[in-house]
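Taking it in order: structure first as structure tokens, then the write-up.
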Amino acid sequence: MGVSLLSLLKVPVFLLSLINFCVFELALAGTTRHYHFDIRHQNVTRLCHKKSMVTVNGQFPGPRIIAREGDRLLIKVVNHVQNNISIHWHGIRQLQSGWADGPAYVTQCPIQTGQSYVYNYTIKGQRGTLFWHAHISWLRSTVYGPLIILPKHNAQYPFAKPHKEVPIIFGEWFNADTEAIIAQALQTGGGPNVSDAYTINGLPGPLYNCSDK
């Protein structure tokens, strides 16, 4: 029984098509990015006032997370302080990963002292600059940072590509311990004391007394 030339050509053509499909799928697949958050106390000075406060990796604001649309993020959070902690990824659409959203006592039990938790989620259909923050009590006043989602490789920005990108994060600085402030407010029923300064990327503006120390 003879074999036609066309039949012989079908096999390599099929293999070539399969290879092209696999390459295309790999191009669409995102990267798995790993981050490590150590929740610990750090001495920080603002407005000539030094205090120990809860931070991520000793940084205030916390570390920058950078990913691309389609990437998977694995962020291990280890709690070294006496406070319970959880982290919320503000603005991330947690599609089929609600357990990674972060609100304590809502989608997860908080991470207790000496314990750890790995947040595992994939960024789908999103790009832009978001932020992450603690989602329990007032720890969010010191535990926060930027979350930058770049377009997929070879994808166009929805605007002219910027020459440079500089994240700007607005926050507040309290000379007092924020956990003590909210505890007092809950005990008295009154409103909590206001912050001592507004901040940009963790630093107060020049209009405050002792703003450069």
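Roughly what angle does helix 178-188 make with the longest principal axis of the chain, taking Cα atoms, 0 to 90 degrees, to the nearest 10? Helix 178-188 sits at roughly 60 degrees to that axis.
Computed with a 1.4 Å probe over protein heavy atoms only, the accessible surface of the chain comes to 61 Å² per residue.
Among the protein heavy atoms, those of K51 account for about 30 Å² of accessible surface (1.4 Å probe, every chain in place). So for segment 119-213, considering every pair of alpha-carbon atoms, how many percent are separated by more than 18 Å? Everything past 18 Å amounts to 62 percent. Given that just one value was derived from the coordinates, which of [x] 1.41; [y] 1.14; [z] 1.07 is Cα Rg over 2.2 N^0.38 Å? Correct label, based on the coordinates given: [x].
Can you give the % of DSSP beta bridges in the chain that are antiparallel, to the nearest 5?
On the way: 33 of 46 bridges.
Taking every DSSP beta bridge with both residues in the chain, the antiparallel ones total about 70 percent.
Per-residue 3J(HN,Hα) values for segment 61-77, derived from phi via the Karplus relation 6.51 cos²θ - 1.76 cosθ + 1.60 with θ = phi - 60°, read x, x, x, 7, 9, 10, 8, 10, 3, x, 6, 9, 10, 10, 10, 8, 10 Hz in sequence order (x marks Gly and Pro). Take a quick pass over the chain and tell me how many lysine pairs come in under 27 angstrom between Cα atoms, counting only ones 8 or more apart or on separate chains. Value for the chain: 10. Taking Cα atoms, how many degrees apart are the long axis of helix 5-28 and the longest axis of the chain, rounded to 10 and kept between 0 and 90? Rounded to the nearest ten degrees, it is 10. For the chain, the carbon plus sulfur part of the accessible surface works out to 58%, probe radius 1.4 Å. For the chain, a crude dipole built from +1 on the beta carbon of Lys and Arg and -1 on the beta carbon of Asp and Glu, taken about the Cα centre, is about 500 debye to the nearest 20. Site pair C48 and K124 shows an inter-label distance of 5.4 nm when each label is modelled 7 Å from Cα along Cα→Cβ. Based on the reciprocal of the average 1/r between different C-alpha atoms, the Kirkwood radius for segment 80-136 equals 12.0 Å. Using a probe of 1.4 Å on the protein chains alone, the accessible area found for Y157 is around 60 Å².
For segment 24-107, the Kirkwood radius over C-alpha pairs fed into Stokes-Einstein at 37 °C and 0.692 mPa s yields D = 218 µm² per second. A full extension of the chain between V78 and N209 corresponds to an added length of 43.6 nm, given 0.36 nm per residue minus the alpha carbon distance. Taking all Cα pairs closer than 8 Å and separated by 6 or more residues, the relative contact order of the chain comes to 20 percent. In segment 118-213, Cα pairs under 8 Å separated by at least six residues give a relative contact order of 22 percent.
The values are calculated or read from the model by the stated rules, or taken from the named source; none is laboratory data. The model shown is predicted, which means the values in this text are computed figures rather than measured ones. Because the Cβ atoms are built from the backbone with ideal geometry, glycine has one as well, and the counts that use them run over all protein chains shown. Note: accessible area is taken over every heavy atom of the protein model, side chains too, but ligands, DNA and RNA are not part of it. Shrake-Rupley method; radii C 1.70, N 1.55, O 1.52, S 1.80 Å.
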